[in-house]
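What follows draws every value from the coordinates through simple rules; no lab data is involved. Note that the coordinates shown come from a computational prediction; the quantities given were computed from them, not determined experimentally. A quick note on method: Cβ atoms are made from the backbone with ideal geometry, for glycine too, and the neighbour counts reach across all protein chains shown.
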Amino acid sequence: MNTRTLSPEDYWRAVVSRKWLVISAILVSLSIAGVVCALMPKVYMSATKMWFEGAKIEESIVSGPTPAGVGYSPSLDDRVMEVRQFVMGRRTLGQIAGEFGLFGYEKEHPDAAESENAVRAMRGSIKVEPTKDKLFITLSFSSEDPIIARDVTSRLSDLFIEETLKDRERGVEAAEDFLGLELKHAKAELEVKEKIISEFKQQHLGELPQQIDANLRKLDRLQEDMRSQGEQSQSLANRLVQIDKSIKDYEENGEVSNDSLPGGSTKRSKDPRLGRIKELERRLVELSSVYKDTYPDLVQVKEEIKKLKEMTSAQYRDLLPESEEADEPTGVKRSKRKVIDPYHAELLKQREEIVLELDAVKRRQAHISGEIAQYERRVEHTPEREQKLKTLERDYENLQKNYQSLLDKKLSAGMQKSLAQGRKGAKFSIVDPAYTPVVPVVPNIPLIMAAGLVLGCALGFGGAVGLELMGRGFRSAEEIEVTLGLPVIASIPLYESAFGGSMQTVRALTGKSRASALLPGSAKQGGEDNQMTGSLIATSGRIRGGNGQLHNPTPGLELVSMWRPLSFVAEQYRVAATRLELMTGDRKSTAIVVTSAVMGEGKSSTALNLGYVLAKDLDRRTIVIDCDLKRPMQHIYAGVWQHPGLVEVLRGTKAVEDCVQRLGEAGPWILPAGAVGDNPLALSKMHQLADLIAELKEKFDYVIIDAPPVLPLADMQVLASMGDLLAYVVKASMTGRDVVQKALKAIGDTTNVGIILNGLDAHTTPYYMQQEYYREAHHEQLK
């Protein structure tokens with residue numbers, strides 16, 4: 001059981017044991033609630049449901065244009081606020097209060113204090129709120145008279161609907177006038193913007209974004225013409241070079257001077273026809289490499305070559321023209337015949353034509369370059385013009401949309417005006433008219449009675465549990481010392497903390513051992529032999545193996561001082577043993593009685609661990625006697641045979657030497673209870689136990705007596721006088737304080753009593769008393 005908190009069973013037992021307290025608290029609370037319901041004044045509330053039906057036309061007209069360009073549709077919360085503002089208005093409330101004579105309102109003196117108080121009272125009695133389904137609006141009025149509540153609610157709804165219709169008619173008319181004025185202004189702005197866009201397009205014609213493709217195509221054609229003219233210019237330049245070379249070659253090689261001839265005449269050194277044919281053939285080759293066969297110059301050269309080949313040299317010379325030269329002034333007359341070469345003349349003519357054509361090509365190139373520069377400027381300026389034009393067109397589109405929206409709203413305003421005049425437009429309608437209330441809303445009888453019931457249950461159950469908690473056990477050594485006035489020699493944490501928190505394993509193993517220990521006492525079968533057999537197999541802890549042999553038992557996990565000697569639990573047992581040794585004084589041998597108020601507080605495990613620490617750590621000769629003959633546990637915890645034991649010694653069937661068993665090589669000696677059976681040892685044998693203890697004190701330094709609990713049994717009254725010291729074990733947070741005090745009172749003399757607080761929860765122990773702290777400290781010491 002968790003010793004820090006109460007289990008559900010503990011709560012239930014606390015409530016059942018104090019059931020009359022719980023019932024009384026509930027009845028008293030319900031009675032008070034009934035009295036409150038009877039004494040409170042009754043208030044009735046009448047309500048009506050309204051629904052706003054109709055189109056969104058009017059709202060879009062009145063609210064004006066929105067950024068999204070759509071009409072505004074008020075939400076239900078907006079409608080609720082509209083209704084609340086009207087019905088809570090001073091004029092409306094004064095009118096209603098005056099008509100029905102409510103709260104002492106004075107019509108003749110609306111500004112008087114009584115009238116002002118009446119208006120405030122009216123506001124507190126009116127509620128306007130949406131329904132839970134968010135579909136309707138509820139208007140309610142509360143009054144002590146149900147008829148007045150109904151009439152006032154109905155009148156308020158009628159006044160609101162009438163005023164709403166009037167407001168809508170006025171709003172529509174004002175909206176229509178406003179829309180007409182706005183429409184006129186929008187049209188003027190639209191016309192101005194159209195004029196600006198038109199002038200911009202005329203001013204930047206050719207640079208507009210829609211003309212960019214045409215400009216690019218024109219620019220491509222001009223660049224193609226420019227390349228073509230460049231090629232033609234290059235071709236003409238080449239031809240000019242060839243013509244100049246031909247003229248030069250012909251002038252140098254075409255004729256020879258003969259100074260020996262009379263009259264200084266010239267004579268050709270060769271046939272001019274052949275030279276002309278040769279020259280034409282050279283030109284034909286040049287033209288064929290540049291032009292096609294259909295080129296006019298190429299065709300002309302071919303025909304001239306053909307004619308020269310058909311005629312003779314004499315015929316060619318006859319074609320040459322002759323001229324006469326004037327005589328010298330000295331009187332010596334010399335005649336000279338000037339020969340005119342048609343080939344040479346043709347070359348000169350061709351050169352002149354090429355020069356003219358080359359000049360024309362250059363002028364054409366200059367013109368094309370100018371056009372290219374012009375179109376490039378247009379293309380460069382197009383993005384700027386496009387951005388400006390987009391801005392103008394965007395403004396124009398916004399103005400156009402605004403103008404169209406105003407046109408639509410003006411048309412809607414006309415329609416709404418017609419609907420409002422015929423009372424067919426949007427309006428509030430009464431879905432559920434005001435009714436005459438029957439059940440008062442104040443006081444709320446179900447709520448008050450439920451609150452009384454809850455309060456009664458809280459007081460009843462809380463009082464029962466509180467009283468139970470107040471009677472719970474001690475939780476710290478300080479509480480014991482203050483309350484009982486006795487020293488606390490040790491505070492033992494829960495055993496689970498010594499095993500690293502493996503609580504389920506510890507509880508399973510210890511629970512199994514305890515169940516085995518209870519088997520002989522619970523069996524009701526007849527026959528002493530059967531009981532002894534069961535005791536040998538189950539109670540003593542022997543385990544039968546596969547070969548039928550009986551194995552020696554092992555100590556239980558309750559012997560923490562042996563299994564976890566470095567744990568803080570074992571350390572606290574060493575503290576308890578040290579303090580008990582200090583309390584012995586000058587005694588050579590000490591008998592320590594270990595007991596508790598009730599069973600289940602850990603006295604048997606405490607006695608065994610004290611004996612183990614005294615023998616193992618303090619090197620004292622120690623014997624532990626299991627005197628709890630009603631519920632012996634030492635043989636299970638120590639892992640020894642249950643019998644022969646104390647019962648056999650007291651009955652005289654066995655000697656002490658034959659019954660004691662040692663726990664390990666350096667551990668304490670154990671005298672188990674023996675064969676207890678169903679017949680407990682009579683109290684008349686207790687004087688023999690006193691003699692036995694005296695005998696053992698001569699052989700051992702410490703005789704630890706595991707005594708039965710104080711309250712349930714009478715044995716403890718005798719055993720308490722046999723010990724020199726009494727170690728009183730108290731289960732932390734479990735054993736009631738009154739139980740502990742009652743047991744101590746039953747013991748009598750508490751001079752040599754020391755308290756061992758057992759089973760401290762990890763949540764209530766300080767950090768330095770927890771296993772993790774002690775383990776870390778031990779590791780630091782090892783380092």
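Which of the peptides 591-602, 202-213 is most tightly packed, and how do the rest follow, going by the mean number of other Cβ atoms within 10 Å of each residue? Let's see the in-between values first.
Numbers: 591-602: 23.5, 202-213: 13.5.
In descending order of packing, they fall as 591-602, 202-213.
Which cross-chain or sequence-distant (5 or more) residues have an amide H under 5 Å from the amide H of VAL593, H modelled 1.01 Å from N in plane?
ILE705, ASP724, LEU725, LEU726, ALA727
Apply the Debye scattering formula to the stretch 162-250, with a single equal point scatterer on each alpha-carbon and no solvent, then give log10 I(q)/I(0) at q = 0.11 Å⁻¹.
For the stretch 162-250, the Cα-only Debye profile gives -0.70.
Whole-Hz ³J(HN,Hα) for each residue in the stretch 168-175, computed from phi via Karplus 6.51 cos²θ - 1.76 cosθ + 1.60 with θ = phi - 60°, x for glycine and proline: what do you get?
5, 4, 5, x, 5, 5, 5, 5
Which pairs, out of LYS278/LYS306; LYS245/LYS307; LYS245/LYS278; LYS603/LYS697, put more than 18 Å between their alpha-carbon atoms?
Details: LYS278/LYS306 12 Å; LYS245/LYS307 24 Å; LYS245/LYS278 14 Å; LYS603/LYS697 21 Å.
Checking Cα-Cα distances, LYS245/LYS307; LYS603/LYS697 exceed 18 Å.
Give, in nm to one decimal, the length gained when the segment between LYS292 and ILE430 is fully stretched (0.36 nm per residue of separation minus the Cα-Cα distance). Please list the in-between numbers first.
Details: separation 138, 0.36 × 138 = 49.68 nm, distance 10.15 nm.
Difference between extended and current length: 39.5 nm.
Residues in the stretch 155-193 near a label at GLN210, defined as backbone nitrogen under 18 Å from the 7 Å Cα→Cβ point?
It comes to 193, nothing else.
Of the listed peptides 561-573, 645-657, what is their order by residue-averaged count of other C-beta atoms within 10 Å, with the highest listed first?
Values: 561-573: 21.6, 645-657: 17.6.
Going from most to least packed, we get 561-573, 645-657.
List every residue whose amide H lies under 5 Å from the amide H of TYR435, counting only residues 5 or more places away in sequence or on a different chain, with H placed 1.01 Å from N in the peptide plane.
Sorted by chain and number, the residues that satisfy this are ALA47.
Hey, with R₀ at 45 Å, roughly what FRET efficiency would ARG227 and ILE196 work out to, going by the Cβ-Cβ distance, to 0.05? Walk me through the numbers on the way to the answer.
On the way: r = 42 Å, r/R0 = 0.94.
With a Förster radius of 45 Å, E is 0.60.
Under the rule of at least 5 residues apart or a separate chain, name every residue whose amide H is placed under 5 Å from the amide H of ALA675.
HN-HN under 5 Å from ALA675: GLY645, VAL647, GLU648.
Please list 3J(HN,Hα) in residue order for the stretch 442-449, calculated via the Karplus relation 6.51 cos²θ - 1.76 cosθ + 1.60 where θ = phi - 60°; whole Hz, with x for glycine and proline.
For the stretch 442-449, the Karplus curve yields 10, x, 7, 4, x, 5, 5, 5 Hz.
Applying the Karplus parametrisation 6.51 cos²θ - 1.76 cosθ + 1.60 with θ = phi - 60° to the phi angles of the stretch 566-583, what ³J(HN,Hα) value in whole Hz is obtained for each residue in order, glycine and proline being reported as x?
3J(HN,Hα) across the stretch 566-583, in whole Hz: 9, 6, 6, 4, 5, 5, 5, 5, 5, 5, 4, 5, 5, 5, 5, 5, 5, 6.
For VAL441 and THR751, FRET efficiency with R0 = 51 Å and r from the beta-carbon atoms, rounded to 0.05? Kindly include the intermediate steps, with their values, before the conclusion.
Working: r = 73 Å, r/R0 = 1.43.
Step by step, r from the Cβ atoms, then E = 0.10.
Which of the peptides 42-48, 353-359 is most tightly packed, and how do the rest follow, going by the mean number of other Cβ atoms within 10 Å of each residue? Display every interim value, and only then the final one.
Values: 42-48: 19.1, 353-359: 14.6.
Ranked by mean Cβ neighbours within 10 Å, highest first: 42-48, 353-359.
At 7 Å along the Cα-to-beta-carbon direction for both LYS306 and LYS362, put a label point, then send me their distance in nm to one decimal.
It is 3.8 nm.
Label points 7 Å out from Cα along the Cβ direction at ARG123 and VAL28: separation in nm?
4.3 nm
Please find the FRET efficiency linking ASP395 to MET81, where r is the Cβ-Cβ separation and R0 is fixed at 35 Å, and quote it to the nearest 0.05.
Working: r = 38 Å, r/R0 = 1.08.
Rounded to the nearest 0.05, the efficiency is 0.40.
What does the charge count near THR436 come to, summing +1 for each Lys or Arg and -1 for each Asp or Glu among other residues with Cβ under 15 Å from its Cβ? Spell out each step's value before the answer.
Numbers: positive: LYS42, ARG150, ARG155; negative: GLU144, ASP145, ASP151, ASP432.
Residues near THR436 contribute -1 overall.
Could you work out how far apart the two model spin labels at ALA451 and GLU9 are, taking each label as a point 7 Å from the Cα in the direction of the beta carbon, and quote it in nm?
4.0 nm
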